[in-house]
Amino acid sequence: SEFIKQNLIKNNVNEEKIHLIPNITLIEDNNLKFPIKEKGIKISYLGTLDKIKGVELLIKSFNMLKNKASLLIFGDGPELNNLKKIANNNVSFYGNVDYKFIPSIYNQSDIIVLTSLWPEPLSRTLIEACYFGKPIIATKVGGNPDIIENNGFLVNIDELSNKLDILIKNKTLRAIMSKNSKLIYK
């Protein structure tokens with residue numbers, strides 16, 4: 001990612017010796033259906049439930065919203081019990097899911113959120129979200145800016161609730177960002 005390249009340059013690696021190689025991710029969209037019970041707008045987080053992933057802040061931001069959207073959390077980790085304690089009734093925890101169901105989860109989701117607090121080099125979740133044509137909200141860290149252009153919002157955590165609200169309420173904007181995500185993946 002551009003983030004890694006800039007870190008290498010800051011650490012005195014000759015820029016001429018650095019080559020950006022696109023992250024090639026093979027994604028197979030299958031016909032398997034994962035049972036998601038929630039109706040309406042579905043916001044999904046897919047990943048580890050660890051402090052550095054910012055899921056606590058995602059839940060707190062989501063809890064501030066006054067709408068009928070659902071926040072779906074896919075994954076497991078050391079913060080699971082703490083996260084369940086702060087979640088409202090519109091937050092559902094699905095635990096670890098077999099990777100063969102990931103296409104179904106993306107296809108049923110309306111918005112994908114990645115709230116990493118640490119600078120991930122380049123998130124597979126964001127690449128997959130683009131492949132499936134999903135609007136994305138991601139924190140301004142690591143390689144996230146390499147994926148988010150006009151297909152979502154790059155945010156500081158204090159902006160998260162506002163940007164969630166905007167996308168939940170604006171179906172047209174979600175459709176535009178979805179189309180742009182597909183173009184970014186290509």
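The values are calculated or read from the model by the stated rules, or taken from the named source; none is laboratory data. Since the model is a prediction, treat every value here as computed from it, not as a measurement. Cβ coordinates were reconstructed from backbone atoms using ideal geometry, including for glycine residues, and neighbour counts include every protein chain displayed. The area values use the complete protein model at the heavy-atom level, side chains included, leaving out ligands, DNA and RNA. Shrake-Rupley method; radii C 1.70, N 1.55, O 1.52, S 1.80 Å.
Against the definition (within 26 Å of M177 (Cα to Cα), hydroxyl-bearing (S, T, Y) and open to solvent by 20 Å² or more (accessible area, probe 1.4 Å)), how does S104 come out, yes or no? For S104, the condition - within 26 Å of M177 (Cα to Cα), hydroxyl-bearing (S, T, Y) and open to solvent by 20 Å² or more (accessible area, probe 1.4 Å) - is not met. Please work out if G40 is among the small types (G, A, S), under 19 Å from the mean Cα position of the chain (by Cα) and within 17 Å of L117 (Cβ to Cβ). So G40 does not fit the description; no.
For beta carbons closer than 8 Å, sequence separation of 6+ or different chains, a first residue in the range 1-21 that is more than 17 Å from L126 (Cβ to Cβ) and a second that is modelled with pLDDT under 85 and exposed (fewer than 12 other Cβ atoms within 10 Å of the Cβ), the qualifying pairs are K5/L20. Please specify each residue of the range 132-152 satisfying the condition of being touching a helix residue (DSSP H, G or I) at 6+ places or on another chain (Cβ under 7 Å) and open to solvent by 40 Å² or more (accessible area, probe 1.4 Å). Passing the criteria: D146, E149, N150.
Just the residues that are touching a Lys or Arg at 6+ places or on another chain (Cβ under 7 Å) and either assigned to a helix (DSSP H, G or I) or open to solvent by 40 Å² or more (accessible area, probe 1.4 Å) (or both), please, taken from the range 63-94.
I86, F93
Test N31 against the criterion of being surrounded by 12 or more Cβ atoms within 10 Å (Cβ to Cβ) and at pLDDT below 95, and give yes or no. So N31 does not fit the description; no.
Does the range 95-103 contain any residue that is in a loop (DSSP other than H, G, I, E, B) and under 15 Å from the mean Cα position of the chain (by Cα)? Looking for residues that are in a loop (DSSP other than H, G, I, E, B) and under 15 Å from the mean Cα position of the chain (by Cα), one finds none in the range 95-103, hence no.
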